[in-house]
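A short worksheet on the structure shown next.
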């Protein structure tokens, strides 16, 4: 490995596949495709195309960066499982990156990361804010007005709705999700980073059956 690692970063926690091949600060190739379904089947062919266009192969990689959510349950599982499997097979580190942090990358001043969730809800986290705002899942109508402060910028897919509630401004994210993930992974790959794990913040939409389980009879 080198001081300027070759990083493959990708994310499928939203209705898309976003990936970047990054060497140091130089983007060798990037990819973003809207995709509401079929990410599991599409991910590896897209990554192979990304590597080919970047003039690299799997065994050239130094680091895998992966978005860990919050977001779509299935999409998060796809990316995290792929990253862990690649890291194991290539014997390189995999670095998990929260999409809330990725959204805020290189933003100036107080920032509220705002990612859309179903039914007018959002995933939220504050950076450089006067009020400590840890990562959480809230209905947009329940966002505390007290979070508003001078210079606060809302960034992310739910930024417009949250900013309207707080009376603050919005700004676009500096990078696409895969690119932000790769850049943060390139800063954290050394020193045996922990294996990526999903960041869900809310329970799954699918509830367990309320039917009683079947009775298991002892052998007669």
Q. Does region 141-156 contain at least one residue that is assigned to a helix (DSSP H, G or I) and touching a strand residue (DSSP E or B) at 6+ places or on another chain (Cβ under 8 Å)?
A. yes
Q: Could you check, for region 109-129, whether at least one of its residues is out of contact with any strand residue (DSSP E or B) (no Cβ under 9 Å at 6 or more places or on another chain) and at pLDDT 95 or above?
A: no
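Condition check ((1) within 15 Å of the chain's Cα centre (by Cα); (2) crowded, with 18+ Cβ neighbours inside 10 Å; (3) part of a loop (DSSP other than H, G, I, E, B)) across all residues:
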site: 18; (1), (2), (3): yes, yes, no
site: 27; (1), (2), (3): no, no, no
site: 30; (1), (2), (3): no, yes, no
site: 50; (1), (2), (3): no, yes, no
Q.
Just to check your reading of the model, which residue among 196, 145, 177 is touching a helix residue (DSSP H, G or I) at 6+ places or on another chain (Cβ under 7 Å) and farther than 22 Å from residue 122 by Cβ?
A. 196
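The values are calculated or read from the model by the stated rules, or taken from the named source; none is laboratory data. Keep in mind it's a predicted model, so treat the numbers as computed, not measured. Here the Cβ is made from the backbone with ideal geometry for all residues, glycine too, and neighbour counts use every protein chain on show.
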